[in-house]
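Trainee: What follows is a structure written as C-alpha cells; I'll ask about it next.
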Amino acid sequence: MKRLLLLAAAFGYMVLLIEAIRAAVAWWQGELAQPGWADIALIALLPGLAWIWWRYISPFGRACPKCALPPEPGKGQ
C-alpha cells in the first residue's frame, strides 16, 4: 500500500511539473492572452516544483552516497 501511495504521489508531482512547464512556455511565447487562475497558479508553483526536482529527484542536484570517491593522494598506497 505504501508503494502504491508513493507511485501515485510521484505521478501527481510529475503531472503538476509538466503542466506548469507547459503553462510557463505558453505564457512566455504569448499564447496565453488571458491566463486563467489555474495557469497563474501553475506558473507560480513552477520554481518550487523545479527546486524539488533538482534537489531530491535529479541525479545532478544531489551527492551520490553510494558512489566511491577516488583515493586521496598519499593515503592508502
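The values are calculated or read from the model by the stated rules, or taken from the named source; none is laboratory data. Only a predicted model underlies this, so the values are computations on that prediction, with no experimental measurement involved. FYI the Cβ positions are ideal-geometry reconstructions off the backbone, even for glycines, and counts take in every protein chain you see. Side chains are part of the model used for accessible areas, which takes the heavy atoms of the whole protein and leaves out ligands, DNA and RNA. Shrake-Rupley method; radii C 1.70, N 1.55, O 1.52, S 1.80 Å.
Trainee: Compute the label zone of Ala50 within region 1-23: residues whose backbone N is under 11 Å from the point 7 Å along Cα-to-Cβ.
Mentor: 21
Trainee: Sticking with this structure for a sec: With θ set to phi - 60°, apply the Karplus curve 6.51 cos²θ - 1.76 cosθ + 1.60 along region 5-13 and write out the HN-Hα couplings as whole Hz, x wherever there is a Gly or Pro.
Mentor: 5, 5, 5, 5, 5, 5, 5, x, 4
Trainee: With every protein chain kept in the model, how would you rank Arg55, Arg3 by accessible area, 1.4 Å probe, largest at the top?
Mentor: Correct descending sequence by accessible area is Arg3, Arg55.
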